[in-house]
Amino acid sequence: PTYPSLPATSWAVLGMLTLGEQLTGYDLKKWADWSIGYFYWSPSISQIYAELKKLEKAGFVTSEVISEPGERGRRVYQITEQGTHAVRNWSRDAPVDQPVLKHGLMLRMWMGHLNEPEHLKDLVREHISNLEALRDESRLHAENADREPSWAYSVMSLDWSMKYFQAEIDLANDLLSQIDKATETFSTVAQLDQLGNPVPNESGSWRRVEGYVQD
């Protein structure tokens with residue numbers, strides 16, 4: 001490969017440092033929160049410093065302590081030429097990975113027979129409320145990032161995030177009506193055990209799902 005083997009978090013840190021500023025670990029944390037945190041990674045401050053330590057050891061960043069009169073010194077980090085080449089090659093040549101979706105709400109919807117339909121809807125409404133806040137935050141950040149030409153791709157990514165959250169809101173609203181349909185279908189289950197769990201019509205039928213799909 002044209003780039004070294006590093007975790008994705010290292011590439012994210014290097015990417016932020018390519019935007020031409022010397023930044024502290026705290027700066028990187030805050031910048032990540034209002035930019036890449038909406039679509040990729042919202043790191044802890046300890047993660048940031050761990051990555052910076054590794055990157056400096058590898059020669060991809062340098063650091064220095066700067067002091068202002070009457071203020072405590074701050075350690076700032078800057079990307080090196082070697083680091084710039086590495087992250088440029090990674091961004092160009094790394095394979096496009098399939099996103100890994102871990103949707104906590106949908107896991108609970110999947111086992112929706114364990115809850116009352118109205119409670120499921122309450123969970124979905126809470127999810128929608130959270131998404132609306134993220135959508136509005138990402139829109140606000142995109143609108144206020146366009147003053148700096150070098151942030152053009154950041155604005156584009158934040159705009160994508162805003163649209164992603166809106167699409168998720170639309171899916172969640174559709175889910176509210178689907179809960180009623182699923183509840184109606186589940187009511188036709190012929191037998192429940194003493195705990196209220198469904199007894200399948202055909203024991204072990206889940207093992208044959210692959211065969212059904214292939215047919």
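The values are calculated or read from the model by the stated rules, or taken from the named source; none is laboratory data. What you see is a predicted model, and the numbers here were worked out from it, not measured in a lab. Counting neighbours? That spans all protein chains shown, and the Cβs are built from the backbone with ideal geometry, glycine included. Ligands, DNA and RNA are stripped out before the accessible areas are found, and what is left, the full protein with its side chains, is counted by its heavy atoms. Shrake-Rupley method; radii C 1.70, N 1.55, O 1.52, S 1.80 Å.
Here are some notes:
- Where residue 26 falls short, out of the listed (1) part of a helix (DSSP H, G or I); (2) under 16 Å from the mean Cα position of the chain (by Cα): (2)
- In region 157-215, the qualifying residues are those that are touching a residue at least 40 places away in the same chain (Cβ under 8 Å) and β-branched (Val, Ile, Thr), and the one that is nearest to residue 125 (Cα to Cα) is 169.
- Tally, over region 24-60, of residues that are in contact (Cβ under 8 Å) with a residue 12 or more places away in the chain, among the aliphatic types (A, V, I, L, M) and surrounded by fewer than 21 Cβ atoms within 10 Å (Cβ to Cβ): 3
- The set of residues in region 13-23 being in a helix (DSSP H, G or I) and open to solvent by 20 Å² or more (accessible area, probe 1.4 Å) consists of 15 alone.
- Selected residue [under 25 Å from residue 39 (Cβ atoms), of a type in the set (Asp, Glu) and modelled with pLDDT of 95 or more] from 132, 148: 132
- The residue that is farthest from residue 184 (Cα to Cα), counting only those in region 85-117 that are of a type in the set (D, E, K, R) and loosely packed, with under 10 Cβ neighbours inside 10 Å, is 92.
- Which listed residue, of 175, 195, 134, 120, is closer than 30 Å to residue 16 by Cα and aliphatic (A, V, I, L, M): 134
- Complete set of residues in region 178-215 that are surrounded by 10 or more Cβ atoms within 10 Å (Cβ to Cβ), among the hydroxyl-bearing types (Ser, Thr, Tyr) and modelled with pLDDT of 75 or more: 183
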